[in-house]
Amino acid sequence: MSGILLLTLFLQGGAIQGLYVEDRSNHVHGCYCEWSGESQTGGREAILAWRFLEGAYGGIPLAGAKAAVALRGEATLSMGYSTRQSVLFIDAPSAAQRRAVESFLRDRYGFFLGRVLRTTHAPIDIEVTRDGARVHIPGELALEVRKAVLPDDALPGATKWYDPFVPLAEAELGTRVLSRYTARDFNFVWDERDPATSGYYGRFVFYPR
């Protein structure tokens, strides 16, 4: 797609864009030993969140809506497709907008989400700034990342192993402060507080065809 066409779509309001944050239970930037070990035993859990600022899907404006996904796979999510399950949370003022957000996520990322165990309308607090991001759903999940400081936040020899799950127009490497999922959908909960360069945050832009 040419730059002129991208600009035209943007000016016509064709772009869906907003803010995004993710964290996974493995390093996206780390040393070889971390990559090697986690590719076998780690990285099966992740939390993703979107805050929509502009755009529409199926003729329904998405601005103001928020969504979050908790994921758990049978193998490391970062290594390509593996059987996985997910839980989808949507925060939007109208039923029509909630349906549009769910349709966008299922259409765009359905293969990645795997089997969706439930979709829940819940209040979602998402903040994304230059210095980090946080996501909170009362009684369900909490995520906080700060901007990674390299090389201090990584072991010697660390390198980037994985890109964001969602392509970002502007991406920052994040260091985990907290990743917690307390619902029982997966018969598994987690509460990770060890600092790790395990995710990204930033701005996403998607151009519907």
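The values are calculated or read from the model by the stated rules, or taken from the named source; none is laboratory data. Being a predicted model, the structure only gives us computed values, none of them experimental. Cβ: placed from backbone, ideal geometry, glycine included. Neighbour counts: every protein chain shown. Accessible surface is based on the protein model in full, side chains and every heavy atom, while ligands, DNA and RNA are left aside. Shrake-Rupley method; radii C 1.70, N 1.55, O 1.52, S 1.80 Å.
Summarising the amide proton neighbourhood of residue 161: residues at separation of 5 or more, or on other chains, whose placed amide H is nearer than 5 Å comprise 29, 30. When only Cα pairs below 8 angstrom with a gap of at least 6 residues are kept, the stretch 50-209 shows a relative contact order of 16 percent. Probing with 1.4 Å while keeping every protein chain in the model, the per residue accessible area of the stretch 51-131 equals 48 Å².
Peptides 182-189, 194-201 ordered by packing proxy, namely the average of other Cβ atoms within 10 Å per residue, highest first: 194-201, 182-189.
The GNM of the chain, with springs linking C-alpha atoms under 10 angstrom apart, assigns the highest mean-square fluctuation among 75, 95, 46 to 95.
Ordered by solvent-accessible area of protein heavy atoms (1.4 Å probe), largest first, the residues 204, 112 come out as 112, 204.
Counting only protein heavy atoms and a probe of 1.4 Å, the accessible surface of the stretch 9-115 is 52% carbon and sulfur.
A Cβ-based charge dipole, computed about the Cα centre of the chain with Lys and Arg at +1 and Asp and Glu at -1, lands at about 600 debye.
Shown in residue order for the stretch 95-112 are the 3J(HN,Hα) couplings computed by the Karplus curve 6.51 cos²θ - 1.76 cosθ + 1.60 at θ = phi - 60°: 4, 5, 5, 4, 5, 5, 5, 4, 4, 4, 5, 5, 5, 7, 10, x, 4, 6 Hz (x for Gly and Pro).
What is the helix-to-structure angle for 32-41, meaning the angle in degrees between its Cα long axis and the longest Cα principal axis of the chain, kept from 0 to 90 and rounded to the nearest 10? The angle comes out near 70 degrees.
Applying 1/(1 + (r/R0)^6) with R0 = 45 Å to the Cβ-Cβ distance of residue 99 and residue 33 gives a FRET efficiency near 0.50. Here the simple spin-label model places points 7 Å from the Cα toward Cβ, and for residue 160 and residue 106 these points are separated by 3.3 nm. Between 17, 85, 40, the residue with the greatest mean-square fluctuation in the GNM of the chain (Cα pairs under 10 Å linked by springs) is 40. Here is the list for the stretch 29-92: chymotrypsin sites (Phe, Trp or Tyr not before Pro) lying in DSSP coil, each with at most 14 other C-beta atoms within 10 angstrom of its C-beta, are 81.
Considering helices alone, the calculated mean residue ellipticity of the chain at 222 nm is -5500 deg cm²/dmol, with DSSP H runs of length four and up weighted by -39500 (n - 2.57) and normalised per residue. Relative to the 2.2 N^0.38 Å rule of thumb, the chain has a C-alpha radius of gyration ratio of 1.00. Per residue, the stretch 156-203 exposes 52 Å² of solvent-accessible protein surface, assessed with a 1.4 angstrom probe and all protein chains in place.
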